[in-house]
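Colleague: Here it is: the structure, laid out below.
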Amino acid sequence: QVQLVESGGGLVQAGSSLRLACAASGRISTTSVMGWFRQVPGKEREFVAYIAWRSDITSYADGVKGRFTISRDNAKNTVYLQVNSLKPEDTAVYYCATGRFLSSLGGQYDYWGQGTQVTVSS
């Protein structure tokens, strides 16, 4: 089992920045990747970014490239998502997830956090 706890969400104005964090605990050695997804009520969950635990491989959704940066601190078992130049359309609940395969598909992830709300006002 792996437990994930997100933090860092909030209510901000357009153009602002936030740093989301996802702290992992448990059998992390069984996982290979940490991903961030987001979901707006009534819409499908959307891939944001992922990072491999043990290499420099990262991937981003087209809509966040250049604005969002994913990073990790292996010593703390924590993955971060730096979100800059926020737009109202970035408003969503942001979830971190971990799994065994590098993938942008949520179904490929085995464990999920509870989510952190990001609200961007115009």
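Colleague: In region 83-113, how many residues are under 11 Å from the mean Cα position of the chain (by Cα) and open to solvent by less than 60 Å² (accessible area, probe 1.4 Å)?
Modeller: Going through region 83-113 one residue at a time, the tally reaches 8.
Colleague: Now for a separate question. I need the strands (runs of 3 or more DSSP E) fully contained in region 55-122, keeping only those with at least 1 residues that are of a type in the set (Lys, Arg).
Modeller: 68-73
The values are calculated or read from the model by the stated rules, or taken from the named source; none is laboratory data. It should be emphasised that the depicted structure is a prediction, and the values quoted were computed from it without experimental measurement. Only protein heavy atoms, including side chains, enter the accessible area calculation; ligands, DNA and RNA are left aside. Shrake-Rupley method; radii C 1.70, N 1.55, O 1.52, S 1.80 Å.
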